[in-house]
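Since the structure comes first, as structure tokens, the remarks are kept for the end.
The values are calculated or read from the model by the stated rules, or taken from the named source; none is laboratory data. These numbers were taken from a predicted model, which means no experiment stands behind them. Backbone-built Cβ (ideal geometry, glycine too); neighbour counts: all protein chains shown. These accessible areas exclude ligands, DNA and RNA; they are computed on the full protein's heavy atoms, side chains included. Shrake-Rupley method; radii C 1.70, N 1.55, O 1.52, S 1.80 Å.
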Amino acid sequence: MNNTIDLKNLTIKKTQGMIKNREVSCRSLVSAYQENTAKKNKDINAYLEIFDDAFEFAEKQDKKILAGEEPAELSGIAFAIKDNILIKGKIASAGSKILEKYRAVYDATVIKKLYGKGAIFLGRTNMDEFAMGSSTENSAFGPTGNPYDLERVPGGSSGGSAAAVAMQGCVAALGSDTGGSIRQPASFCGVVGLKPTYGEVSRYGLIAMASSLDQIGPIAKTVEDAEIIFNVIKGKDEFDSTSLGHLISKRTLNVQNNQKLRIGLLKYDRRGVDNEVNNIIDESVKILRNLGHAIEEIELPHLEYSLACYYIIMPAEVSSNMARFDGVKYGLSVKGENLLKDYMETRARGFGKEVKKRIALGTYVLSAGYYDEYYGRAQKARALIRKDFKEAFDAKKGNFDIILSPVAPTPAFKIGEKTEDPLQMYLSDIFTVPANLAGVPAISVPAGYSLSGLPIGIQFIAPWFREDLLFEIGKQYEQNSTA
Ligand code: GLN
């Protein structure tokens, strides 16, 4: 039966139909993904672990369905989960040696919600250590290869999740996005990636990187699939005081099918961006205009401070979030001569280079005497960046529905190409970081390929809590682009 499942063209939507019509069993779906993963994962290293209980879960669902129960919304839908999202009883290492053997003691809220709808978890995926990186090369467990070209990175930090979807190792995945970690790997691997509005999806059970920026979101093959997952995982959660589900119900402006939108094309320095990416943006503008949308260039004057601002606020929050890994509470514990030495030894051995660098940077910008000069100023810049977006979307000012921009300045780069040049690596986040700083939702949608066949995505950014606009424009674009 497995041989007859066409994994490449399988989406959540299609699987739902097949399960409903009893055309396929949950078990055969799980084994098809497992067989394909067994073939491909050795080279790609998308998964750090393949769970051995996925088949059992599938069997349980099949039994219920056989007994005549209506399948649940996500029955048989096989997910890959980024290694920083807790699944009770499973290891959650966040790509780090310090948590290599740490087992989660509870389910993240997103996991509980997916379980509740019948989803099946196939395994946990590789990532940059504690989500710090743009290439998955900062994983303590080796890099992940891009399924389109094994010598290239899949992007990061959710590179394993994006690669797992692209190699047909699952139908969809969860990632986390602090500065682009869902959208950039989605762009590099030719799949869809959504960073929801800050507060839409509960962070309970997500191993924190920078708490005012982190969001969990879906990586999927189509915009519609991303929407299905988003609708399951979103909502206010009493375990995450920053979750803002109550605002969602106040949403009144529901988008219409085929609605014509006012799209702002982000003004950016084209010299800093690969020609192939610039061309894709030009092509996208044509496609969107042909669909009847109004497109005008828009300048967000404070966006040029985004990276500088991010690389102060993010490490500041990283340094405090990483403080909990002290050899006492979680994971690795190395004994020294006294308590202080225990901390130092554990952290010296457990953390990788990038994590240490960011802890040092964060501690510095928060230290007495420098706090105002760095952290305080970065917070002010962040407020101005938020204001830029607010004005762009304000009906009395910019009056835009959506902003269009590249996702990353280049397609997937070579493994090792940027590891010696952190600035170049950080620059790959230039288009994704602003949405995290402002808290607005953004989606990466496949838009085409480079001459050498590497996928390139484009990014749509919407006002706070207007994921509905992203799904509408994303679907319209998807149906009319060549990607
Ligand atoms: N690449 C960015 C960084 O290194 C973003 C990471 C993320 O979104 N988790 O910080």
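Details
- Accessible surface area normalised per residue over the chain is 41 Å², counting heavy atoms of protein chains with a 1.4 Å rolling probe.
- Counted residue by residue at 0.36 nm each, then reduced by the alpha carbon distance between them, the extension gain from residue 278 to residue 59 reaches 74.0 nm.
- Placing dummy labels 7 Å off each Cα toward the beta-carbon, the span from residue 353 to residue 231 is 4.6 nm.
- Heavy-atom accessible surface of the range 262-303: percent carbon and sulfur, 1.4 Å: 44 percent
- Based on every Cα atom in the range 279-325, Rg and the maximum pairwise Cα distance Dmax equal 18.9, 53 Å.
- Probe 1.4 Å - accessible area at residue 356, Å² to nearest ten: 90 Å²
- Once the chain from residue 97 to residue 286 is taken as fully extended at 0.36 nm per residue, the excess over their C-alpha distance is 63.3 nm.
- Label positions at residue 396 and residue 377, each projected 7 Å from the Cα along the C-beta direction, are separated by 3.3 nm.
- Rg/Rg_ref, the chain, where Rg_ref = 2.2 N^0.38 Å and atoms are Cα: 0.93
- Dipole magnitude for the range 236-364: about 220 debye, using +1 per Lys or Arg Cβ and -1 per Asp or Glu Cβ, origin at the Cα centre.
- Cα centroid of the range 211-227 to Cα centroid of the range 57-127, whole Å: 16 Å
- Size of electric dipole in the range 346-483: Cβ of Lys, Arg +1 and of Asp, Glu -1, about Cα centre, debye, nearest 20: 600 debye
- Solvent exposure, largest accessible area first (probe 1.4 Å, DNA, RNA and ligands not counted), of 267, 234: 267, 234
- Separation of alpha-carbon centers, the range 147-206 and the range 316-340, rounded to whole Å: 28 Å
- The range 398-436 and the range 256-298 have Cα centres lying 17 Å from one another.
- Additional length obtainable on full extension of the chain from residue 13 to residue 334, 0.36 nm per residue less Cα span: 110.8 nm
- Net dipole in debye of the chain [+1 Lys, Arg Cβ; -1 Asp, Glu Cβ; about Cα centre; nearest 20]: 660 debye
- When 429, 269 are compared by accessible area at a 1.4 angstrom probe, the order from most to least is 269, 429.
- Projecting the Cα atoms of 159, 338, 379 onto the dipole axis of the chain, where Lys and Arg carry +1 and Asp and Glu carry -1 at the beta carbon, places 338 farthest toward the positive end.
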